[in-house]
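Engineer: Sharing a structure here in structure tokens format.
Please treat every number below as a calculation from the coordinates, not as lab data. Not measured: the values here are computed from a predicted model. Virtual Cβ from ideal backbone geometry, glycine too; neighbours counted across all protein chains shown.
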Amino acid sequence: MLLQVHNLRKTFPIRGGLLGKKTGEITAVDDVSFYVKKGETLGLVGESGCGKSTTGRAILRLHEPTSGQIEFEGKSLLALSEEEMRKARRDLQMVFQDPFASLNPRQKVMDILEEPLIVHGMGNGKERKEQVQELLHLVGLNQSHAMRYPHQFSGGQRQRIGIARALSTKPKLIVADEPVSALDVSIQSQVLNLMADLQEKFELTYLFIAHDLSVVKHISDRVGVMYLGRLVELADRDELYERPLHPYTQALLSAVPVPDPDFQKQRIILSGDVPSPANPPKGCAFHPRCPHVMDICKEVRPEFADQGGGHFSACHL
Ligand code: SF4
């Protein structure tokens, strides 16, 4: 197992008043557990604010977890000092949603791609320059792009630079946080295909975060669905898409367009908005919006349990 996450929890304080005193707490990630095997892609899906991005960042300790355990290659990441964690990030890289915001606008692409190599003491000047050229080639860019600035590229090209930067240290795990959400639909599939090719070539492992089940379908081996900070369902890709057990997953899937015009799908429209994570509903957090809600759902939180064959779901049904 490459990555194991146990009972991960991340809270953020709510501060108010002149002195900025803590007035409450938001639980962004609540008791989340999963694993990712070497070479596989685990898709993590949910509406905005469900905690999926915070989960990805907490794994890299870009947000320090409040509690829980994160094991990477059998070693606890939370036991590492800051300096040890900085070194460990060579193996754990991240691709961000907005490549424009995540690339320094004053750095040329050459410097952007060389920086992680310098930070991790990889190669001499000449070797690093050669590696930057190779990285550009791998992501479908060319040598001349090295001397340009991020604003001189299209959104799709900038994400290719973001991917090249993540690849530069030859990582084992890449946390991709909505890497195609900001791109035009026509460009999305090019970037997804590139990521799939690179995965095969370098035996990469992905935690692929998206808000849309259609985006993660082709690239994922297994898919987890999050709602209000918790995992509500997790299963093999085909199993989840063909036999979703949780009413929230069923609603998300009903919104995924199908290419066959003769096939009419019954869209499940969820009423209401996602409740505030500062004040989550009692019992099952999905109960105020669930079309199948029962009395027990309003009182007792359903356990996230294996319903058979590694298909996990948190529902009283
Ligand atoms: Fe719906 Fe109840 Fe299942 Fe929650 S536990 S998803 S409210 S049926």
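Engineer: Determine the distance separating the Cα centre of region 13-60 from the Cα centre of region 182-240; give it in Å without decimals.
Structural biologist: Cα centres, region 13-60 to region 182-240: 18 Å.
Engineer: Near HIS211, within a Cβ-to-Cβ distance under 13 Å, what is the net charge of the other residues, with Lys and Arg +1 and Asp and Glu -1?
Structural biologist: Value of the local net charge: -3.
Engineer: Another question about this same structure. Going from the alpha-carbon gyration tensor of region 102-170, what semi-axes, largest first and in whole Å, does one get by taking the root of 5 times each eigenvalue?
Structural biologist: Result for region 102-170: semi-axes of 18, 12, 11 Å.
Engineer: Give me the dipole magnitude in Debye, nearest 20, for region 108-156 about the Cα centre, with unit charges on the beta carbon: positive for Lys and Arg, negative for Asp and Glu.
Structural biologist: I would put it at about 140 debye.
Engineer: Quick one: dipole size for the chain, taken about the Cα centre, charges +1 on Lys/Arg Cβ and -1 on Asp/Glu Cβ, in debye to the nearest 20.
Structural biologist: Its charge dipole is roughly 960 debye.
Engineer: When Lys and Arg each count +1 and Asp and Glu each count -1, what net charge do the other residues less than 15 Å away from CYS284, Cβ to Cβ, add up to?
Structural biologist: Cβ neighbours under 15 Å give a net charge of -1.
Engineer: Please compute the modelled spin-label separation between LEU18 and LYS201, points set 7 Å along Cα→Cβ, answer in nm with one decimal.
Structural biologist: Label-label distance for LYS201 and LEU18, simple model: 6.0 nm.
Engineer: Dipole size in debye (nearest 20) for region 186-317 around its Cα centre, Lys and Arg Cβ +1, Asp and Glu Cβ -1?
Structural biologist: Dipole magnitude for region 186-317 comes out near 500 debye.
Engineer: So between ASP111 and ASN124, what do we pick up on full extension, going 0.36 nm a residue minus the alpha carbon distance?
Structural biologist: Contour length minus Cα-Cα distance gives 3.3 nm.
Engineer: For region 102-170, calculate the relative contact order in percent as a whole number, restricting contacts to Cα pairs under 8 Å that are 6 or more residues apart.
Structural biologist: Relative contact order comes out at 46 percent.
Engineer: Relative contact order for the chain using alpha-carbon pairs under 8 Å, separation at least 6, rounded to a whole percent?
Structural biologist: Computed over the chain, the figure is 20 percent.
Engineer: Counting only other residues whose beta carbon sits under 11 Å from that of TYR248, what net charge do I get with K and R as +1, D and E as -1?
Structural biologist: Net charge in that neighbourhood comes out at 0.
Engineer: On the first, second and third principal axes, largest extent first, how far apart are the outermost C-alpha atoms of the chain in Å?
Structural biologist: Its Cα atoms span 68, 58, 41 Å along the three principal axes.
Engineer: Sort the following peptides by mean Cβ neighbour count (other Cβ atoms within 10 Å, averaged over residues), highest first: 165-176, 199-210, 83-94, 143-154.
Structural biologist: With the highest mean Cβ count within 10 Å placed first, the list reads 165-176, 199-210, 83-94, 143-154.
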